[in-house]
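A short write-up of the structure that comes next.
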Amino acid sequence: MAESLSYTEKLKKWNRFEVEKFSKKAPVTTPYPFIDIEKPPEYRGIPHINPEKCIGCGACVNACPPDALILEWDKKRGVKRLTFNAARCIRCHRCVEVCPTGAMEPTNIFEIATDNKEDLVEVVEHKLAYCEECGEYLDFTERQIEYVKAILPKEIIDMYALEDRIGLTQEAKMRKTVEKLRETEGNAYPAFILVKKGGEE
Amino acid sequence: MVTTRDLEAHFEFECRACENGHCRKADVETILSERKGLKEFYEAFKEHIKECKRMTYGQYMFVIDREVLPEAVLWWHNHPEFKETHLSTAVGTDERPLNGKFVYMPFLNVQVEPQNMDENYWVFLKAYMPADDPSFPSVAAKLPAALWIEREVKDLLGFNPVGHPDPRRLILPEDWPEGVYPLRKDMDYRHSPMAEVKTEFKEKPEGTTLVPMGPVHMGIEEPAHFRLFVKGEEIVDVDYRGFYSHRGIEKTGEGRLTYNQVLFLAERICGICGYQHSVSYAMAVERLADVEIPDRARYIRTLMLELERIHNHLLWVGIAAHLVGYDTGFMHAWRIREPVMWLVERLTGNRKQYGMNIVGGVRRDILDYRKEEILKVVKQIREETKKFIDIALNTNTFIKRAEGVGILPYKIAKAYSVLGPTARASGRRIDTRLDQATKTAMAYNEVDFKVPVYKEGDVLARVLVRMDELFESLWIVEQLIDQMPGGDIMVPIGDLPEYEEALGFTEAHRGEVVHYVMTGEKNKVYRWKVRAPTYNNLPAVPEMLKGYHVADAPLIIASIDPCYSCTERVQFVDVETGKVKVLTEAEFNELSIKYRGVF
């Protein structure tokens, strides 16, 4: 959508002589859609994803009532795809509210008439984090991990331990815990139970 | 060492209702002594009542045998002391996944004392039915208010109302196969079967001529098919076939969306009274979670509800003027209305479908500088409307067409449970804003206003009721702006209790809107039932039409301010993969049958 102009935008580019005639003859009637019309600043138009700020967490997808936002994983390519379809959007701005990074940007564009449906779709692809131990992709994106590191309070969290584990899959994490406990206690059985319960929570 | 059991106990859901002292399972004696009339009812039906329960503040449920349902409903409806008590609607639920039974539950709005929200209450009469024989004795022969309700549960859930005087199909389309019931839990919401078209119209009475009106109403441009049986010019009998805009909203909301997502779907039930639906739904969920929302949120909600009422009444009076042939009035009414729409757009972000609500409060605050703007618009509307009413009520075109036309007597209005301005024009003194405990979600208990009541029951009375109400609404808005408290605008809700029920309600500009919500597991909605006011008002229209001329019919029908898409609720849209494929004719037919009614 960012690249191609919407239908009404294209219309505005047409050079129509009526525009001038209108404004002289009819003081109330406006030659819309050949000119812009006034919108209040509070108007909720279709939102737009800012790919630079988006971290691919999917908070907007959970909040979206009409499924205008969809999240898909492609583990083969290591990509998480966030798709926004303006044709399904009901302009409630729930996504704008819940976005943790402000990547969902509100606009006051309401004209989405178009001769090509693809103009209405925005796609943002994120690289998934890669677990070196298992050789698999995680469910999280690289940016999500960066974001977690940035917002966690450094005074409380042991950052070295975090660095050690944050890029691992669930199984690799569990395996690592078991190994560590086995080293310290020398008995695998109670440690295994502890880990399993921790995993369930 | 911490065990899993300890952890489970720690994370177990704590009932907030019990913490706040409104436990749902208090003992019978305490519950019965809370409100007037409950004990009397319990004594009268003692051997048939299995359980009684306080669902939430001012909502009581009796689990009774299905055999005595008609007597129990009539006991409440015709109670000599509680004069304005009416059968609100009924809910049918498929509870087979829970306990192997079906449920049919009529509920009544009991009015102990008019306009006293701490005395009046709702009574739910829950009757369980075995899965192999879902039938219950019909009350419709004695109480016409139940006519549509019982036909609806027959269509959507396959219950059998034994002894129903008119068991034709009401909601489902003519080509829907027999024996497929969309609201049963074993049916997928995407399934849309098709069968032979079968129409069931009422037989034409002897010596009359049929004048079909519809399927699209000429004034309000919405689908509804009236079949007028006329003798000369006079209407003798009327048949109605509607529900052409049945969209499956309830089914979509159940189990697929989270409780906050359903809110936005609820707002889209109607293009006119959307915010009323949204508030009603939010109220039901807040009652279930037993949270009190902040005062400022209550005030903002009330403000938006009243602004909506103002522009809706102006819209309606414009349409009424148009239908009587007084088009100048139509133009002026809509011109006066427009500044309200602009104001609302500035306050919420949209002209209609405000998206202002969230369960637990509102989303946008009313900033202080906006108050000036609201007061300015209110003042302008008051002056212009006064002038407009003055002119309109002195115009013969308007008066001659509206006076003495479409009379609905009090008795019929009560028997059909007619609601809102239509009921108030027939002398029923009801207004849910004050009658029932709206104080948990709205601030009507803290403002002063009158409820206009007229006794004539004709179209003119309905115009006058609405115009009086409009001025009261303007007065309410001014008070709200004056008294607006500070503070938060929302509270978090947290987890909902499982399999509990509650009701949310508001007074839309057409009458009481009712949203019944039953929660399921994991904060989803198990059953969601919406009853818009037109659902109760529309069955009474044939009674209003009888004896008048064909030319008056459009006006009489429009005089209840019908909203078909509200009444008929229920279409779903399915996200398909974007693949393009050339289909053969057979494939195309198959697909079109599969997705008929979906797109």
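The values are calculated or read from the model by the stated rules, or taken from the named source; none is laboratory data. Everything numeric here is computed off the predicted structure, so don't read it as measured data. With ideal geometry, Cβ positions are generated from the backbone for all residues, glycine too; neighbour counts draw on all protein chains shown.
When the stretch A:26-70 is examined, which residues are found to be within 14 Å of chain B (Cβ to nearest Cβ), surrounded by fewer than 15 Cβ atoms within 10 Å (Cβ to Cβ) and among the hydrophobic types (A, V, I, L, M, F, W, C)?
Once the filter is applied, which keeps residues that are within 14 Å of chain B (Cβ to nearest Cβ), surrounded by fewer than 15 Cβ atoms within 10 Å (Cβ to Cβ) and among the hydrophobic types (A, V, I, L, M, F, W, C), the stretch A:26-70 yields A:28, A:37.
Which of the residues that make up the stretch B:388-400 are assigned to a helix (DSSP H, G or I) and farther than 15 Å from residue B:318 by Cβ?
Result: B:390, B:396, B:399, B:400.
Scan the stretch B:91-99 and tell me whether some residue there is of a type in the set (A, V, I, L, M, F, W, C), more than 23 Å from residue B:497 (Cβ to Cβ) and crowded, with 22+ Cβ neighbours inside 10 Å.
Checked against the condition, which is being of a type in the set (A, V, I, L, M, F, W, C), more than 23 Å from residue B:497 (Cβ to Cβ) and crowded, with 22+ Cβ neighbours inside 10 Å, the stretch B:91-99 yields no hits at all.
Only one of these conditions is not met by residue B:285: (1) more than 14 Å from chain A (Cβ to nearest Cβ); (2) out of contact with any strand residue (DSSP E or B) (no Cβ under 8 Å at 6 or more places or on another chain); (3) under 14 Å from residue B:517 (Cα atoms). Which number is it?
(2)
Taking the stretch B:359-383 on its own, how many of its residues are over 16 Å from residue B:307 (Cα atoms) and surrounded by 20 or more Cβ atoms within 10 Å (Cβ to Cβ)?
Total meeting the criteria: 3.
If you take the residues in the stretch B:505-556 that are in a strand (DSSP E or B) and of a type in the set (D, E, K, R), which one is farthest from residue B:110 (Cα to Cα)?
Taking the stretch B:505-556 and keeping what is in a strand (DSSP E or B), we get B:505-508, B:511-519, B:524-531, B:549.
Filter once more, keeping what is of a type in the set (D, E, K, R): B:507, B:512, B:524, B:527, B:529, B:531.
Values: B:507: 16, B:512: 13, B:524: 30, B:527: 23, B:529: 20, B:531: 17 Å.
Among those residues, the one meeting the criterion is B:524.
Determine if the stretch B:502-510 includes at least one residue that is more than 30 Å from residue B:410 (Cβ to Cβ) and not assigned by TED's automatic domain parsing to the domain that holds residue B:60.
yes
Hey, can you tell me all the residues within the stretch B:321-337 that are touching a Leu at 6+ places or on another chain (Cβ under 9 Å) and farther than 21 Å from residue B:382 by Cα?
Passing the criteria: B:323, B:324.
Could you please find all residues in the stretch B:315-355 being more than 10 Å from chain A (Cβ to nearest Cβ) and either outside any helix (DSSP H, G or I) or among the polar types (S, T, N, Q) (or both)?
Of everything in the stretch B:315-355, those that are more than 10 Å from chain A (Cβ to nearest Cβ) and either outside any helix (DSSP H, G or I) or among the polar types (S, T, N, Q) (or both) turn out to be B:324, B:325, B:326, B:328, B:352.
Can you tell me which of (1) over 23 Å from the mean Cα position of the chain (by Cα); (2) under 21 Å from residue B:527 (Cα atoms); (3) surrounded by 20 or more Cβ atoms within 10 Å (Cβ to Cβ) is the one residue B:41 doesn't meet?
Condition not satisfied by residue B:41: (2).
What's the number of the only condition in (1) buried (at least 17 other Cβ atoms within 10 Å of the Cβ); (2) part of a loop (DSSP other than H, G, I, E, B) that residue B:251 fails to meet?
(2)
State whether one or more residues within the stretch B:257-269 are away from every other protein chain (no Cβ under 14 Å), outside any helix (DSSP H, G or I), modelled with pLDDT under 90 and out of contact with any Ser or Thr (no Cβ under 8 Å at 6 or more places or on another chain).
Within the stretch B:257-269, none of the residues are away from every other protein chain (no Cβ under 14 Å), outside any helix (DSSP H, G or I), modelled with pLDDT under 90 and out of contact with any Ser or Thr (no Cβ under 8 Å at 6 or more places or on another chain).
Output the residue which, of all residues in the stretch A:152-169 that are touching a Leu at 6+ places or on another chain (Cβ under 9 Å) and of a type outside the set (Ser, Thr, Tyr), is modelled with the lowest pLDDT. First the steps, then the outcome.
The initial filter retains those residues of the stretch A:152-169 that are touching a Leu at 6+ places or on another chain (Cβ under 9 Å), namely A:152, A:159, A:162, A:167-169.
Keeping just the survivors that are of a type outside the set (Ser, Thr, Tyr) gives A:152, A:159, A:162, A:167-168.
Working: A:152: 85, A:159: 75, A:162: 78, A:167: 78, A:168: 81.
Residue satisfying both the conditions and the ranking: A:159.
Select, from B:344, B:362, the only residue that is closer than 19 Å to residue B:510 by Cβ and either modelled with pLDDT of 90 or more or under 18 Å from the mean Cα position of the chain (by Cα) (or both).
Of B:344, B:362, the one residue that is closer than 19 Å to residue B:510 by Cβ and either modelled with pLDDT of 90 or more or under 18 Å from the mean Cα position of the chain (by Cα) (or both) is B:344.
Which number in (1) closer than 19 Å to residue B:166 by Cβ; (2) out of contact with any helix residue (DSSP H, G or I) (no Cβ under 9 Å at 6 or more places or on another chain) marks the one condition that residue B:543 misses?
(2)
Condition (residue is within 24 Å of residue B:265 (Cβ to Cβ), part of a strand (DSSP E or B) and either within 14 Å of chain B (Cβ to nearest Cβ) or not aliphatic (A, V, I, L, M) (or both)) applied to the stretch A:114-128: is it met by at least one residue?
Yes, the stretch A:114-128 contains at least one residue that is within 24 Å of residue B:265 (Cβ to Cβ), part of a strand (DSSP E or B) and either within 14 Å of chain B (Cβ to nearest Cβ) or not aliphatic (A, V, I, L, M) (or both).
Just the residues that are of a type in the set (Phe, Trp, Tyr) and over 18 Å from residue B:518 (Cβ atoms), please, taken from the stretch B:47-105. Can you show your working first?
The first filter runs over the stretch B:47-105 and keeps only residues of a type in the set (Phe, Trp, Tyr), leaving B:57, B:60, B:62, B:75-76, B:82, B:102, B:104.
Hits for the stretch B:47-105 are B:75, B:76, B:82.
Against the definition (surrounded by 15 or more Cβ atoms within 10 Å (Cβ to Cβ), more than 14 Å from every other protein chain (Cβ to nearest Cβ), within 27 Å of residue B:358 (Cα to Cα) and of a type outside the set (A, V, I, L, M)), how does residue A:95 come out, yes or no?
So residue A:95 fails the test.
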